[in-house]
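The values are calculated or read from the model by the stated rules, or taken from the named source; none is laboratory data. Please read these numbers as outputs of a predicted model, since none were measured by experiment. Cβ: placed from backbone, ideal geometry, glycine included. Neighbour counts: every protein chain shown. Side chains included, ligands, DNA and RNA excluded: accessible areas come from the protein's heavy atoms. Shrake-Rupley method; radii C 1.70, N 1.55, O 1.52, S 1.80 Å.
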Amino acid sequence: MDARTAIGALLTVTLRRPPGALVVRPEGELDHDSVGPLREALERAVADPPARLVVDCGGLDFCDSTGLNLLLRANAALQQAGVPLLVAAPGRVMLQILEITGADEVLAVRPTVEDALTDGPAGNAAAPASSDERPAAPPGGGGPSGGTESGGVEPSNSTEPSAASSDSAASPEPGGAERHGEQR
C-alpha cells in the first residue's frame, strides 16, 4: 500500500492507495488559510485520476466554505473524467455543513471509508427514490458560489507541479507514507 501524508500547522493530508482507489484524509481545520495541502492533493487526483477518489473527512475538526467549494469543484472535474468522488466518515459538523448547503445532494456521502471503497457506483447518501428526482450539480462545476475565488480544482492536462507545492513540505515517512501540509 502506498501512503502519503502532509504535515502542517492547521491541516495534514494523508494519501493512501488501496487497490483501485485513492483515499485522501485531511485532518485538522480546513479553511482559507490551511487549504493548500488538500488543494494540491485534489489537483493531482484530477490531473491523474484514480478509478475512485475517497475523501475521508473523519479527521476534520472544522471546514468552511473554502473546503466545501474545493470538494465540489473536485467532484465536478472528476465527474467529467467518469471518476466518482466519495466523501467518507464526515463528523457531525461536516454533515451539518453538507446538509445546510445542499452539498449532500451533489456529493456522494458514505458513513465510513470502507463503505466508500466497497460500494457500487457512487451515488448520494440520501439519494431520492428515483434518479430523475436527483438534483444536478450546480452549473459552472462548482460549489454554491459558482466562482473560483477559493482556488478550486480544475481539470488539467499539465504534468507540472502545482503552485501549492512550494507552500508545502513533503517528507517520506516510514512505510512509504508522505506528509504534506501548510507550514507556519
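Hey, any hits in segment 101-117 for a residue that's open to solvent by less than 10 Å² (accessible area, probe 1.4 Å), within 17 Å of LEU15 (Cβ to Cβ) and not in a loop (DSSP other than H, G, I, E, B)?
The answer is yes, given that some residue of segment 101-117 is open to solvent by less than 10 Å² (accessible area, probe 1.4 Å), within 17 Å of LEU15 (Cβ to Cβ) and not in a loop (DSSP other than H, G, I, E, B).
Which is more than 20 Å from SER34 (Cα to Cα) and either at pLDDT below 95 or touching a Ser or Thr at 6+ places or on another chain (Cβ under 7 Å) (or both), of GLU99, GLU114, GLU133, GLU105? Walk me through how you get there before you give the answer.
Working: GLU99 fails: either at pLDDT below 95 or touching a Ser or Thr at 6+ places or on another chain (Cβ under 7 Å) (or both); GLU114 fails: either at pLDDT below 95 or touching a Ser or Thr at 6+ places or on another chain (Cβ under 7 Å) (or both); GLU105 fails: either at pLDDT below 95 or touching a Ser or Thr at 6+ places or on another chain (Cβ under 7 Å) (or both).
After applying the criteria, what remains is GLU133.
Of the conditions (1) among the aliphatic types (A, V, I, L, M); (2) under 17 Å from THR14 (Cβ atoms); (3) in a helix (DSSP H, G or I), ALA76 fails just one. Which one is it?
Going through (1) among the aliphatic types (A, V, I, L, M); (2) under 17 Å from THR14 (Cβ atoms); (3) in a helix (DSSP H, G or I) one by one, ALA76 breaks only (2).
Conditions: (1) open to solvent by less than 30 Å² (accessible area, probe 1.4 Å); (2) at pLDDT 80 or above; (3) not hydroxyl-bearing (Ser, Thr, Tyr). GLY147 meets all but one. Number of the miss?
If we test GLY147 against (1) open to solvent by less than 30 Å² (accessible area, probe 1.4 Å); (2) at pLDDT 80 or above; (3) not hydroxyl-bearing (Ser, Thr, Tyr), just (2) comes out false.
Considering segment 47-93 alone, what residues qualify as being open to solvent by 40 Å² or more (accessible area, probe 1.4 Å) and of a type in the set (Ser, Thr, Tyr)?
Within segment 47-93, SER65 is the sole residue that qualifies.
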